[in-house]
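Notes follow once the structure below has been shown.
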Amino acid sequence: MQHFPVFLDLADRMVVIAGCGEFALAKLRLLLKTDAKLTVIATAPEPDLAALIQAEGVTLIQRPARPSDLTGAALAYGAHGTAAEDAAFAAMARAEGVLVNIVDNLEASQFITPAIVDRDPVTVAIGTEGAAPVLARAIKTDLEATLSPGLGALARAGKRFRPHAEALPFGRRRRDFWSEFYFETGPQVLAEVGEELLEHVLHDMLRRHLAAEDPEGRVDLVGAGPGDPELMTQRARRLLDLADVVIHDRLVPEAILELARREALFIAVGKEGFGPSTPQDEINAQMIHHAQSGALVVRLKGGDASIFGRLDEETQALTEAGVDWAVTPGITAASAAAAAIGRSLTQRGRNSDLRILTGHDIQGFADHDWHSLAAPGAVAAIYMGKRAARYWQGRLLMHGADGATPVTLVENASRPDQRIITTTLDRLTADLAQAAPSGPVLTLFGLAPARAAATIPTLLEEFA
Ligand code: SAH
């Protein structure tokens, strides 16, 4: 992030715009939305600009800019549209210590003005660091359509009411109050009656919420999917958005944790590589403790919680403690790996069953029905199979599996650093040693890729 987004309070601060034509006019129009004290420096303003300056009572300086024009200014815009004049103005502003923006010239600018969706006081600013203006516009159009025009009215009423709402305890109860206002009662009143009743409704709601009992805590055991945030379910995203406490496996990447509220409490548990793991009892105790204090707890697990995720141990502990819980499924690593190589996990005439195996369990390398796995056409998705590779390779060959059976290892499935390693049962350990994957690996036994690597174009690539 080269450009750090902030919202600048411009009330009574001076902003200087230098230029005579349409660039200066566009900036002036935008800045007139603020309460800044505006000055335009224009030797010969064009008629539209002159008219707006006059109509809005903006200060006009009709001569070339001088350093003293910029003293104390918060921001300066070079909007001449000619390189030489803008460069001279930029140098002057920099010398005066005033942040300067040169229209359509990213390199010469110290800040950029984002694309804006205006539902005052709600303002959405979209920036692409100059990389993709087309993308910024597309996002803006999307948001303009999604954010109802009434949002501004709700936010204004909400802002005025904030001091009253402080009567509710901080945290979930206050959040519940505001979510009801912004997403249920508020829009309904606005649509059916109008803005004037919003304040009355807020007082009514507050009385009701103050009288209500403390809400009970609960635990949602949520599958986060294989790592790509786009592969999460909508419910997973919503629960994460509501969570007071997020207890997550170390396998869950930062890009997903960032979807939770910043104020949420994050607790990392589970294993790191082959390092020490948090004892299950401690994880259970944390979930129970926070839920019993009234928190919404999300227990976030990689992939699907019901596959090698110790789900039953956790739900049993919650049930015994009398804590309410529910499970949200996720996309398991085997599905993501199969998608990456463009293959089906089952296929008519080849395999009518799919084995989901772990390479090692609590006793060490896990034992399986090797005989049936060694049969032609068998397909298995092997989790945690990296370290045990030599073991299961030996077992399968001993039980008569064909050494030429394809084996595909997908490292970091669905993540930006995804890697596909193709090999055969015979060559497995040698190829694995050579590739030396350091991330999580899902092994697909009996499947070769339909194509070398599947790349899904991201939004950015599509718009670039
Ligand atoms: N509940 C998870 C599995 C947890 S066990 C799920 O449903 O996916 C951890 C193992 O899952 C790892 O050792 C690895 O074999 C596999 N795994 C998880 N995420 C993965 C990913 N993004 N790419 C490849 N393998 C992954």
(Q) If I filter the range 336-345 for residues that are within 13 Å of the ligand (Cβ to nearest atom), under 10 Å from residue 381 (Cβ atoms) and touching a residue at least 60 places away in the same chain (Cβ under 8 Å), do I get at least one hit? (A) yes
**Q.** When residues of the range 325-373 are limited to those that are closer than 30 Å to residue 216 by Cβ and of a type outside the set (Val, Ile, Thr), the one surrounded by the most Cβ atoms within 10 Å (Cβ to Cβ)
**A.** 330
Q: Among what's in the range 414-425 and is open to solvent by 20 Å² or more (accessible area, probe 1.4 Å) and touching a residue at least 24 places away in the same chain (Cβ under 8 Å), pick the residue that is farthest from the ligand (Cβ to nearest atom).
A: 422
Q: Go through the range 433-447 residue by residue and tally those that are within 13 Å of the ligand (Cβ to nearest atom) and under 22 Å from residue 378 (Cα atoms).
A: 5
**Q.** Contacts under 6 angstrom Cβ, first residue in the range 72-101 being assigned by TED's automatic domain parsing to the domain that holds residue 25, partner assigned to a helix (DSSP H, G or I) and among the aromatic types (Phe, Trp, Tyr), 6 or more apart
**A.** 78/89; 79/23; 81/23
Q: Would you check if residue 98 is in contact with a Leu (Cβ under 6 Å, 6 or more places away or on another chain), under 25 Å from residue 238 (Cβ atoms) and β-branched (Val, Ile, Thr)?
A: no
Q) Quick one: which of 304, 312 is open to solvent by 40 Å² or more (accessible area, probe 1.4 Å) and closer than 29 Å to residue 355 by Cα? A) 312
(Q) The conditions are (1) surrounded by fewer than 19 Cβ atoms within 10 Å (Cβ to Cβ); (2) modelled with pLDDT of 95 or more; (3) of a type in the set (D, E, K, R), and residue 411 fails exactly one of them. Which is it? (A) (1)
Q. If the Cβ limit is 6 Å and pairs must be 6+ apart or interchain, which residue in the range 223-235 that is closer than 10 Å to residue 303 by Cα pairs with which residue that is away from the ligand (no atom under 12 Å from the Cβ)?
A. 225/232
Q. Here are some residues: 307, 288. Which one is more than 30 Å from residue 213 (Cα to Cα) and modelled with pLDDT of 95 or more?
A. 307
Q: Give the residues of the range 402-413 that are outside any strand (DSSP E or B) and more than 15 Å from the ligand (Cβ to nearest atom), sorted by residue number.
A: 402, 403, 404, 405
Q) Are any of the residues in the range 194-210 away from the ligand (no atom under 16 Å from the Cβ) and more than 30 Å from residue 149 (Cβ to Cβ)? A) yes
Q.
Being outside the structural domain of residue 169 (by TED's automatic domain parsing), over 25 Å from residue 238 (Cβ atoms), at pLDDT 95 or above and more than 14 Å from the ligand (Cβ to nearest atom) is true for just one of 363, 316. Which residue is that?
A. 316
(Q) So in the range 160-191, with the set limited to residues that are of a type in the set (Asp, Glu) and touching a residue at least 24 places away in the same chain (Cβ under 8 Å), which one is nearest to residue 148 (Cα to Cα)? (A) 180
**Q.** Residue satisfying condition, being more than 24 Å from residue 376 (Cβ to Cβ) and within 13 Å of the ligand (Cβ to nearest atom), within set 302, 322
**A.** 302
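The values are calculated or read from the model by the stated rules, or taken from the named source; none is laboratory data. These numbers come from a predicted model, not from an experiment. Cβ coordinates were reconstructed from backbone atoms using ideal geometry, including for glycine residues, and neighbour counts include every protein chain displayed. Ligands, DNA and RNA are stripped out before the accessible areas are found, and what is left, the full protein with its side chains, is counted by its heavy atoms. Shrake-Rupley method; radii C 1.70, N 1.55, O 1.52, S 1.80 Å.
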